[in-house]
Amino acid sequence: MSGDEDAGSQNGAEIHPGFAPFVTVVGFHHARGPEVETWFGADEGTDPAVDFGWSLLPFMALSDGAHASEEDFSYFTLLRPKTDTEPATSLFGISCTRQLDSTQLIDRPADVTRSTVQKAVVVIADSPQFFGMLRERLSIVTQAWFAQRDFTDVEILRRFQESLAEEKLRGVMQQEADRDQYLGMSLRELIHEFKWQTLVLFKCCLLQPKMLFFGSRCDRLCMVQYSLISLIPGLLRNLQDCAEPELNNYEQKLSRSTSLQSSNRSSLLSFMGLPLQIFGKGSFFGPYTPLQQLDILADFGTKSYLVGSTNSLLLQQKDRYSDILINLDEDSINITSPSLKSALALTAADRRWIDYLTQEVNETWDEANPSRPKTMQYIGSEEFIRSQFEAYILGLISSVKFHNFLTANNTEGSKGGGGFGAAEDPAVDFGLDWLEAWMRTENYRMWDAHTDANLFAVSEPKHPCAGGLTIDDVQRRIAEQVKELHLDERFAQGREILGRNLAVGREKASTMFNKLYSDVEYLRESQRRRADEARGAAAASSSSSPSEKQQQQGQMVDLSSKAQQTVQSAGAKASAYMSSWAAWAGEKRKTGGWGGSWGKKSPSPFKARAAAPATSASPAASPAATAAAAASPTPIDKDYQIVSPRWSREASSTDERSGHRPPTHASFSESILSGPAGSSDAPDRPGSGGSSSSSSASASAFPSSEAAAATTTGDGPLDSAKNVEQAPKDDGFQKEELTGASRNRQVENGKTTKTAPLEQEEEVEQGGGTVNTEAKAQQ
C-alpha cells in the first residue's frame, strides 16, 4: 500500500462528491423571531431544515449579540441524518450577519416594523477546512446584497451558490480538502494572548474534558476554537463525527498503517497514528452553541465537548456545564475540576518550550498585521508554530510508546514507570500525571489500538526542550511573570496623574523660562537701541554744520565772559569797601588825636595773666618795670595784632566806679578804631552805625594792661574772682585796645606810665600798616 493510500485509509476522511453546498437566508422577524426565508441549491419544493431536522439553524446563524456590530460571523455544526445510501455525518455552517436601516429600503415590506432589518447569509458545506477562504467570499457577497437595498432581489445569492456547486463538481474543493488550509486561524494571536496557557489548552483538548469558551464576539470565539484543534495534525480533515455524540464513523473505518515512507509527511503522520481523534463517540464540537442546544450538553451520552457561547447565562452555571472555562473577553482560564488542574500542570521542559515560542512571537509581533511576523521570516510565522507543535506531538506519542515499553519490560529494582528518571523515561518531561489522565481517554484508546508498539524506533522519544532548568529558563520565566503582573495597568492611573502633573510643571517652567528669555531679549534690545541712538547722536554732532559749531562756541564764550564780569564786579565792590575803610582810618588818624599811639597795642592777655602771679609774688617790683614788660612786643605781636579773648579782659574797679557797662555781645559792633571816650569831634565809623557814646562804651569795655595789673594787685583775690565770674562768654571774636585810648585812661586815673620811644612807635605804626594791608588782602 502506498503512503497516500495509507494516509487516506488512516484518516478515514469521507468526501461526499454528490453533496453540493447550500446557501440560505435567515432573517429576524419581529413576531416569530429568527427564521429561514429561502434556500439556494436545494431541490425545488424542499426545505432541508425540515428534511434534516435543523430546527436550531436560525438560532445558530443569528448569534446573540450580533446586532451590536455591523458585521459578524458565526460557525456551527449540523447533523445530516443517515440515508439509504450514506451514513450520518457532520456538516459545517458559516453565516455572515449584517443589518440595514429600514428607512433605506427601496421596497419596504409591510411586516418590517422595526427600525433595522437584520439578516444572515449562510453557507453549509461538508468540511470546514476551506472556511478561511470561504469567509472572505461570503463577506463580499453579503455586503453587495445589502447594498442593493432590495432583499427581494436574490440573484447575486443564486449565482454565488452555483459557483460553489460548480467548484465542487470540478473537484476544486476536494483538492483543497487534501491540503492543509488554515486561512483565518491565527496561531500567533492565540499565543500572543494566552502565552504559556496555549500549551495548557492544547494538552487539555487531548484529555477530552468539557471545555466551554465564552466571548462577546462570535467571530473570534469560533476562530479560537478552530485554531486550537488545528494544532493536531490532520484533525480538520476528519471531523465527520463532531456534530453528534452518537457518531462513530471514524473509528469504524480506522485501520493500522502497515507501510511507511519517511520522506512523505502524510505517510509519516499516518504511521504515527495521527490525527488523534478527540471528537469520537460521546464527544461534541459546537463552535457556536445557542442556549437552545444546551440539552445536548447536559445529555448523559455526552462525555466531552468543545463549545462556545456568547450568552453570559452560561457563566452563572459554569460548574455544571464545564470542567474548564476560557473567557476570551478577559483572556483568562478557569479550571473548575481539581483532577484536571493537577494533570495540566506544566513541567519545566514544557514551560521552557512554550516560553520559547512566546518569545519568538512577541519579538516579531506586528500590530498592523498580527498574522505575519514583522521580520517577514520563517521564525515566528504560522508555519513555524505549526511545525513546532507537530514536533512536540510526535515526541509526545513516541515517548509514551517508549514509556509503555519500559513499563512492560521493567528491570529489577524498578517498580513501574515511576521508577525511571527523565534520562531513562522521556515521558517524565511531558508530565506523568497528564500521561495517566490521557491513557484514560477515548482518543488514546483508538490511537494505541491502531499503532505499532515500536513507534519510538521511527521518531525519537524525546521532549523538544528536554533537560533541567537553566539560567535562561529562569530569566525567561521571571520576565514572563513580571509581564503577567500587568504593572502597566495597575500603575496606569498613577502614571497618568504623574504625567499630568509633570505636564503642568513643564508648562509652568516653560512659561517662566520664556518670560525670562523675553525679558533678557528686551533688555538686550534696549541696550542695543540706546547704543544705536548714541552712535547716531555722535555721528550727527560730527556731521553738524560749521555755523552750529560757531554758535556753540559763542555760547561757551558768553558764559565765560559773564563769569569773569561777575568776579570783577565782586572784586570792585570789595576794593571800594576796603578803600572806604582805609580812607576813614587815615582821616581818623589825622584828626582823632590818637595818631601818636597808632600801631601800639596792649600786651597779650595771656602775658598779663602770666605776669600777675609774678607781681604778687614780688611786691618789690616797681610798677614801671611791670608796665615796660607788658608793653614790650613779641616777634609775633609785631607782625599780627592778636585779639584778646573776651574772658581774658578784666574790668577794673575804676571802670565799675565810673559806671561803664561790662563787655557784651553788642561790643562786637564797635570797631577797634573807635576814638577816646572824651573826643566828641570824631565822626562815626563807616558801616558801624555807632555814635560817640558807643565809642566811650567801647573804651571802657577794653581796659589797658596797666589797669588790669592795678586791679589784680589793688583789690586782692576776692575782686579777681569776682571779675573772673563776670567774664563774658567767648563768642569767637577778639577786641583790640587802642594805644591812644589806653593812654587817656591812664591820665584820667592819675597814673604815669613810661611810654616807648618814638622810634618804637614808628615801628609799631609800620607794623600796624602791614597788618591792615594783610587784613585787606584776606578780606
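The values are calculated or read from the model by the stated rules, or taken from the named source; none is laboratory data. Computed from a predicted model, the values in this text were never measured in an experiment. Here the Cβ is made from the backbone with ideal geometry for all residues, glycine too, and neighbour counts use every protein chain on show. Side chains are part of the model used for accessible areas, which takes the heavy atoms of the whole protein and leaves out ligands, DNA and RNA. Shrake-Rupley method; radii C 1.70, N 1.55, O 1.52, S 1.80 Å.
The table that follows gives values for the structure above.
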quantity: Out of Thr83, Thr103, Thr89, Thr77, sole residue that is free of Cβ contacts under 8 Å to residues at least 24 places away in the same chain and closer than 29 Å to Tyr226 by Cβ; calculated: Thr83
quantity: Lone qualifier among Ser267, Ser259, Ser255 - being modelled with pLDDT under 90 and open to solvent by less than 50 Å² (accessible area, probe 1.4 Å); calculated: Ser259
quantity: Hey, Ser304 surrounded by fewer than 20 Cβ atoms within 10 Å (Cβ to Cβ) and in contact with a Pro (Cβ under 9 Å, 6 or more places away or on another chain) or not; calculated: no
quantity: First in the stretch 309-323 and more than 10 Å from Lys210 (Cβ to Cβ), second anywhere and among the aliphatic types (A, V, I, L, M) and modelled with pLDDT under 90, Cβ under 7 Å, 6 or more apart; calculated: none
quantity: Qualifying position, being in contact (Cβ under 8 Å) with a residue 12 or more places away in the chain, in contact with a strand residue (DSSP E or B) (Cβ under 7 Å, 6 or more places away or on another chain) and not aromatic (Phe, Trp, Tyr), among Gly41, Gly132; calculated: Gly41
quantity: Test for Leu315: is it over 28 Å from Glu460 (Cβ atoms) and touching a Leu at 6+ places or on another chain (Cβ under 7 Å); calculated: no
quantity: Residue in the stretch 190-197 that is basic (Lys, Arg), over 25 Å from Leu138 (Cβ atoms) and surrounded by fewer than 20 Cβ atoms within 10 Å (Cβ to Cβ) present; calculated: no
quantity: Where Leu340 falls short, out of the listed (1) farther than 28 Å from Leu212 by Cα; (2) touching a residue at least 12 places away in the same chain (Cβ under 8 Å); calculated: (1)
quantity: Which numbered condition Ser309 fails, given (1) surrounded by 13 or more Cβ atoms within 10 Å (Cβ to Cβ); (2) within 23 Å of Ala449 (Cβ to Cβ); calculated: (2)
quantity: Odd one out for Gln143, checked against (1) in a loop (DSSP other than H, G, I, E, B); (2) open to solvent by 50 Å² or more (accessible area, probe 1.4 Å); (3) not acidic (Asp, Glu); calculated: (1)
quantity: Ile333 part of a strand (DSSP E or B), over 30 Å from Pro461 (Cβ atoms) and in contact (Cβ under 8 Å) with a residue 40 or more places away in the chain; calculated: no
quantity: Which numbered condition Trp365 misses (of (1) loosely packed, with under 15 Cβ neighbours inside 10 Å; (2) assigned to a loop (DSSP other than H, G, I, E, B); (3) of a type outside the set (S, T, N, Q)); calculated: (1)
quantity: Boolean, Arg158 is modelled with pLDDT under 80 and either more than 24 Å from Tyr378 (Cα to Cα) or surrounded by fewer than 21 Cβ atoms within 10 Å (Cβ to Cβ) (or both); calculated: no
quantity: Single match in Arg445, Arg440 (criterion: at pLDDT 90 or above, within 19 Å of Phe279 (Cβ to Cβ), open to solvent by 40 Å² or more (accessible area, probe 1.4 Å) and assigned to a helix (DSSP H, G or I)); calculated: Arg445
quantity: Residue count for the stretch 18-56, restricted to those that are open to solvent by 30 Å² or more (accessible area, probe 1.4 Å), among the hydroxyl-bearing types (Ser, Thr, Tyr) and assigned to a strand (DSSP E or B); calculated: 1
quantity: Residue, most open to solvent (accessible area, probe 1.4 Å), within the stretch 57-84, restricted to residues that are among the charged types (D, E, K, R) and touching an Asp or Glu at 6+ places or on another chain (Cβ under 9 Å); calculated: Glu71
quantity: When residues of the stretch 206-223 are limited to those that are within 13 Å of Phe279 (Cα to Cα) and open to solvent by less than 10 Å² (accessible area, probe 1.4 Å), the one farthest from the chain's Cα centre (by Cα); calculated: Leu206
quantity: Lone qualifier among Ala453, Ala427 - being within 22 Å of Leu207 (Cα to Cα), of a type in the set (Gly, Ala, Ser) and touching a Leu at 6+ places or on another chain (Cβ under 6 Å); calculated: Ala427
quantity: Test for Val123: is it in contact with a Ser or Thr (Cβ under 8 Å, 6 or more places away or on another chain), open to solvent by less than 80 Å² (accessible area, probe 1.4 Å), closer than 24 Å to Asp219 by Cβ and not polar (S, T, N, Q); calculated: yes
